[in-house]
1. Using r as the Cβ-Cβ distance of residue 20 and residue 375, and R0 as 41 Å, what FRET efficiency do you calculate, to the nearest 0.05?
2. Using a basic spin-label model with each label point 7 Å from the Cα along Cα→Cβ, how many nm lie between residue 137 and residue 292?
3. Test of understanding: extend the Cα→C-beta vector of residue 245 to 7 Å, then name every residue of region 337-381 with backbone N under 20 Å from that spot.
4. Ordered by packing density, taken as the mean number of other Cβ atoms within 10 Å over each peptide's residues, highest first, how do 330-341, 228-239 rank?
5. Please state, as a whole number in µm²/s, the translational diffusion coefficient that the Stokes-Einstein equation yields for region 326-371 at 25 °C and 0.890 mPa s, with Rh defined as the Kirkwood radius across alpha carbon pairs.
6. If I take R0 = 45 Å and measure r between the Cβ atoms of residue 217 and residue 386 in this structure, what FRET efficiency does the formula 1/(1 + (r/R0)^6) give, to the nearest 0.05?
7. Under unit Cβ charges (Lys, Arg +1; Asp, Glu -1), what dipole magnitude, rounded to 20 debye, does region 32-163 have relative to its Cα centre?
8. Could you give the length gained by full extension between residue 438 and residue 459, i.e. 0.36 nm per residue of separation minus their alpha carbon distance, to one decimal place?
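We did not get these values from a lab; they are worked out from the coordinates using the rules stated. Computed from a prediction, not measured in an experiment: that's the story for all the values here. Cβ placement follows ideal geometry from the backbone for every residue including glycine, while neighbour counts extend to all protein chains displayed.
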Amino acid sequence: MAGFAELGLSSWLVEQCRQLGLKQPTPVQLGCIPAILEGRDCLGCAKTGSGKTAAFVLPILQKLSEDPYGIFCLVLTPTRELAYQIAEQFRVLGKPLGLKDCIIVGGMDMVAQALELSRKPHVVIATPGRLADHLRSSSTFSIKKIRFLVLDEADRLLEQGCTDFTVDLETILAAVPARRQTLLFSATLTDTLRELQGLATNQPFFWEAQALVRTVEQLDQRYLLVPEKIKDAYLVHLIQNFQDEHEDWSIIIFTNTCKTCQILCMMLRKFNFPTVALHSMMKQKERFAALAKFKSSIYRILIATDVASRGLDIPTVQVVINHNTPGLPKIYIHRVGRTARAGRQGQAITLVTQYDIHLVHAIEEQMKKKLEEFSVEEANVLQILTQVNVVRRECEIKLEAANFDEKKEINKRKQLILEGKDPDLEAKRKAELAKIKQKNRRFKEKVEQALQQQEASRAGRQGHPPGVQPEARSAPAPTQDPA
Ligand SMILES: Nc1ncnc2c1ncn2[C@@H]1O[C@H](COP(=O)(O)OP(=O)(O)OP(=O)(O)O)[C@@H](O)[C@H]1O
């Protein structure tokens, strides 16, 4: 198998890899590094934890060493924490170059960032919103001459989720040169391939892992069917078991909203589990501090929204628990990919209620793999049920007293103002949309009821009892990155 040197990398970079413990290139690195060194655009789609970051960092550093100037490369990524992680890889691998990097993310001082940008760093790593703000408001720097544009988690940057990057991306793409190399990476590129191909037009090289299953083999994936009302007791029971059975343990729990994340964090702490939360309602400094405490194993449990579902590389994580079943298969793939990284073993357990079974089927279909059942002695769970419910209620009351919802509303309004939108108009638009949705839902329910009645009376006429009807309940809407 070819080593890093055979891929065309210089000896100083090969030495940096060796020092970091990267002995052999991973398949995505084997595929993409030579193509990038040749000057081609690149779309790299490989499983979580397979080394995609080094697949673009290494060839960029090589090209930078041949023709160093600032700003040479711009990396865009959807979350702030990920921007810091990518910057660290550039810094460590690029140390012999005296690499100057600059991180431009929201929640940090804008003036200090503007100053840093004006000093022409070699590499800028940014979240789209904040970089676009700088481009709109300042003329002290330019990205007109960049050689490389990287979109990490490219599909997330292009999709219109809860955080929509498209307007900011337009601003950024208008400011970068047409003659550049564009590198796009993710574990789930395929459903946005057409948009991505529009961005990478310079002899694009497409690399995709040849594998039937879309998650790594070392990942043991389970589901646990739980009644909605007992979910939290199951969670406490699962954690207690891990704590009892493992000396060295580390768990990430994913929740669907910031509020649930905060309540569960408070609740787990009441049970003396060393837990920290990470969600977008927290101040940026608190977010970094929480992550640092979890990374250094001071806290064993990180409870997070999907703000932590992509890209985070924390090798010690052995278990991922999905407190809610993700509404989209690709969110599931990224979440469970926080464990079993770089060849390590890991386990993922998804709590599934009676209303989420169709979501599990969708996940299995996309992954091309069946989840196995995780068995738990329900009697043990029922023993702690009352206690868990009481503690949760206490936490809910405490959070309500701290005006969590009000703060969330204020934050939302601030965000809309920053985006140049009128919060009142937006609220009106949303209310109208909700009304239309509700009307549609009622209409659908009426049609379903009428169909069921028709079926029942037909069966009655034919003299045999009607077949078992599916429960007339509309499925919960898929959750889109709520963070
Ligand atoms: N050639 C290699 N040999 C051994 N370990 C490697 C190699 N390349 C990267 N790694 C390590 O593998 C881990 C995962 O890498 P990385 O974070 O780049 O994964 P990724 O493919 O970007 O995952 P995700 O899709 O979750 O973002 C990191 O800890 C990294 O240091």
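1. Given R0 = 41 Å and the Cβ-Cβ separation, E is 0.50.
2. If labels sit at residue 137 and residue 292, their model points lie 2.5 nm apart.
3. Of the residues in region 337-381, 337-341, 344-352, 371-381 have backbone N under 20 Å from the label point off residue 245.
4. The most tightly packed comes first, giving 330-341, 228-239.
5. 218 µm²/s
6. Working: r = 41 Å, r/R0 = 0.91.
The formula returns an efficiency of 0.65 here.
7. Numbers: 16 positive and 14 negative charges, 56 e Å.
Computed charge dipole of region 32-163: roughly 260 debye.
8. Values: separation 21, 0.36 × 21 = 7.56 nm, distance 3.14 nm.
That pair, residue 438 and residue 459, stretches by 4.4 nm at full extension.
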